[in-house]
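What follows is a single structure, written as structure tokens, with notes after it.
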Amino acid sequence: APTILNFNAVRVEDLGDPYCRGLSNILAEKGYLCVSMDYPCYGLRKKPDEPESLLRCWRHRIDHGKTDFIDDLNSRTSQVLDYLIEQGYTDPQRVAACGRSSGGFTALHFAASDERGKCVAALAPVTDLAVLQEFEGAGQHPAVRALALIEQAGNLAGRDVWIVIGDRDHRVGTDAAISVAQKAWQISTEKNLKTNLE
């Protein structure tokens, strides 16, 4: 089946709530397999001594030298995708990722890390942690700079990417999101790669 990797901060116990499964329910009725991944710092992936807020927890990890949480999520997601393909659940040519806010951030990172992510939909995505109030004062930290999605624009080139954001989103950064889209489009054009990027 075509498969949607849904990156949203949903705990296992939330999956019973129809509101939390809204998009997945609609897509499942159309034959899609919908998969939800645990975030770093959320659900079973949060350690007891870490802040409750997802983004404050990410900042906490970076401040304490634990900077591989996105790489870890990408690796776990790729392993899940390997399993779904091997077991015949997922069509490897029809894999998409989606997410909102920090979920858009992780969906874009996954698509950039695994070429099987053919397309991605990011709704009001975080694209640069340095824009967030939780990362005030950490904008020049090497891990924060490395996680900025502008650094992944080349890996998004040639993909179908749909980014939706308000024209004055000061929370996650309209300008940063536009910059990522423009850079991915520019690289796609330079490499003569077919892409749909909106």
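Listed by position, the helices (runs of 4 or more DSSP H) inside the stretch 93-168 whose residues that are surrounded by 17 or more Cβ atoms within 10 Å (Cβ to Cβ) and among the β-branched types (Val, Ile, Thr) number at least 3 form an empty set.
The single condition among (1) closer than 17 Å to residue 4 by Cβ; (2) not in a loop (DSSP other than H, G, I, E, B); (3) not hydrophobic (A, V, I, L, M, F, W, C) that residue 72 does not meet is (1).
Note on the stretch 76-92: residues that are assigned to a helix (DSSP H, G or I) and touching a helix residue (DSSP H, G or I) at 6+ places or on another chain (Cβ under 7 Å) amount to 1.
In the stretch 1-34, the qualifying residues are those that are at pLDDT below 90 and among the β-branched types (Val, Ile, Thr), and the one that is nearest to the chain's Cα centre (by Cα) is 10. The condition (being of a type in the set (Asp, Glu), closer than 17 Å to residue 7 by Cβ and in contact (Cβ under 8 Å) with a residue 24 or more places away in the chain) is satisfied by just one residue among 169, 114: 114.
When residue 177 is tested against the conditions (1) touching a strand residue (DSSP E or B) at 6+ places or on another chain (Cβ under 6 Å); (2) open to solvent by 10 Å² or more (accessible area, probe 1.4 Å); (3) of a type in the set (Gly, Ala, Ser), the lone failure is (2).
The values are calculated or read from the model by the stated rules, or taken from the named source; none is laboratory data. Since we're looking at a predicted model, the values are computed, not measured. Every residue, glycine as well, gets a Cβ built from its backbone with ideal geometry; the counts of neighbours run over all protein chains shown. Each accessible area value is taken on the protein alone, full model and side chains, heavy atoms only, with ligands, DNA and RNA left out. Shrake-Rupley method; radii C 1.70, N 1.55, O 1.52, S 1.80 Å.
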